[in-house]
Amino acid sequence: MTEEQMLAGVIKNNAAAQEALYNRFSPRMLGVCYRFAKNREDAEDMLQEGFIKVFTQLHQYRNEGALEGWIRRIVVHTCINILKKNKKFTDSVDIIHANGIHIKEDMIPAIMQAKQVVECIRILPIGYRTVLNLYAIEGFSHREIGQLLDIEESTSRSQYTRAKAMLEEILVKKSIIYKTSGKSLYGKTGVVR
């Protein structure tokens, strides 16, 4: 089934078209949900709610940009709304940063591919994890994150900075990366060289 046939079918509430669209995009969107969720069950719930919205809002898709990007945006917003509804985002945790640990901005996207690192991201407190995902992975600006989460732009920036520091501490503790003389050493993939 072509993408055009799927779109037309979903708009007409055709079950086969809905299943085809879901099967094509759900594995990648589950990965998106998994980064925001506490566990797989929560991620699957987020995915289901996201696809319900995709199916009901597909008539608004204007073929401007990739369909996957449009679906991703809906799924991300669904994840955020679920977190806000459950008031999980407002939980905050104070951390003590290890001195001398610095993460390079350009390394965040590269290391996000490793399954171990994604698991470490899931260890972060929900606020840190959410801002890190939105900024470093989804590409939202701090202003957009502030509006999306009903927080100040400066709060988004500080949560992101703390998230990076905490993530690096976790990565060092799990020996995914290591540091010597106050500097972390990354390979091309973000793992220990």
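Could you list, in sequence order, all residues of segment 143-168 that are under 23 Å from VAL118 (Cβ atoms), of a type in the set (Asp, Glu) and in contact (Cβ under 8 Å) with a residue 24 or more places away in the chain?
Selection gives GLU168 alone.
Consider only pairs whose beta carbons are under 8 Å apart and that are at least six residues apart or on different chains; among these, list those whose first residue lies in segment 34-51 and is closer than 17 Å to ILE137 by Cβ and whose second residue is open to solvent by less than 80 Å² (accessible area, probe 1.4 Å) and among the polar types (S, T, N, Q).
Within 8 Å, the pairs are ARG35/ASN133; PHE36/THR130; PHE36/ASN133; MET46/THR78; LEU47/SER26; GLY50/THR78.
Are there any pairs, at least 6 apart or on different chains, whose C-beta atoms fall under 7 Å, with the first in segment 10-26 and more than 22 Å from VAL76 (Cβ to Cβ) and the second open to solvent by less than 90 Å² (accessible area, probe 1.4 Å) and modelled with pLDDT under 95, and if so, which?
Close Cβ pairs satisfying both conditions: ILE11/LEU58; ALA16/GLY9; ALA17/MET6; ALA17/GLY9; ALA17/VAL10; ALA20/MET6.
In segment 1-43, what residues are in contact with a Leu (Cβ under 7 Å, 6 or more places away or on another chain), more than 19 Å from LEU132 (Cβ to Cβ) and small (Gly, Ala, Ser)?
Once the filter is applied, which keeps residues that are in contact with a Leu (Cβ under 7 Å, 6 or more places away or on another chain), more than 19 Å from LEU132 (Cβ to Cβ) and small (Gly, Ala, Ser), segment 1-43 yields only SER26.
Taking segment 44-57, which residues are touching a Leu at 6+ places or on another chain (Cβ under 8 Å) and buried (at least 21 other Cβ atoms within 10 Å of the Cβ)?
LEU47, VAL54
Pairs, please: C-beta under 7 Å, at least 6 apart or cross-chain, first residue under 24 Å from ASN133 (Cβ atoms) and in segment 57-77, second surrounded by 13 or more Cβ atoms within 10 Å (Cβ to Cβ) and among the small types (Gly, Ala, Ser)?
Between residues of segment 57-77 that are under 24 Å from ASN133 (Cβ atoms) and residues that are surrounded by 13 or more Cβ atoms within 10 Å (Cβ to Cβ) and among the small types (Gly, Ala, Ser), the close pairs are ILE74/GLY50; VAL75/GLY50.
Filter segment 149-165 for residues that are touching a helix residue (DSSP H, G or I) at 6+ places or on another chain (Cβ under 6 Å) and open to solvent by less than 40 Å² (accessible area, probe 1.4 Å) and give the result.
SER156, GLN159, TYR160, ALA163
Determine which member of the set VAL131, VAL172 is in contact (Cβ under 8 Å) with a residue 60 or more places away in the chain and either open to solvent by less than 60 Å² (accessible area, probe 1.4 Å) or charged (D, E, K, R) (or both). Spell out the reasoning first.
Numbers: VAL131 fails: in contact (Cβ under 8 Å) with a residue 60 or more places away in the chain.
Matching residue, one of VAL131, VAL172: VAL172.
Quick check: is even one residue across segment 148-163 of a type in the set (S, T, N, Q) and within 25 Å of MET29 (Cα to Cα)?
Taking segment 148-163 first, the residues of a type in the set (S, T, N, Q) are 154-156, 158-159, 161.
In the following step, the residues that additionally are within 25 Å of MET29 (Cα to Cα) were identified as 156, 159.
There is at least one residue in segment 148-163 that is of a type in the set (S, T, N, Q) and within 25 Å of MET29 (Cα to Cα).
The values are calculated or read from the model by the stated rules, or taken from the named source; none is laboratory data. Everything quoted here is computed from the prediction, not taken from an experiment. Ideal geometry is used to build each Cβ from the backbone, glycine not excepted, and the neighbour counts take in all protein chains shown. We work out accessible area using only protein heavy atoms, side chains counted, and drop any ligands, DNA or RNA first. Shrake-Rupley method; radii C 1.70, N 1.55, O 1.52, S 1.80 Å.
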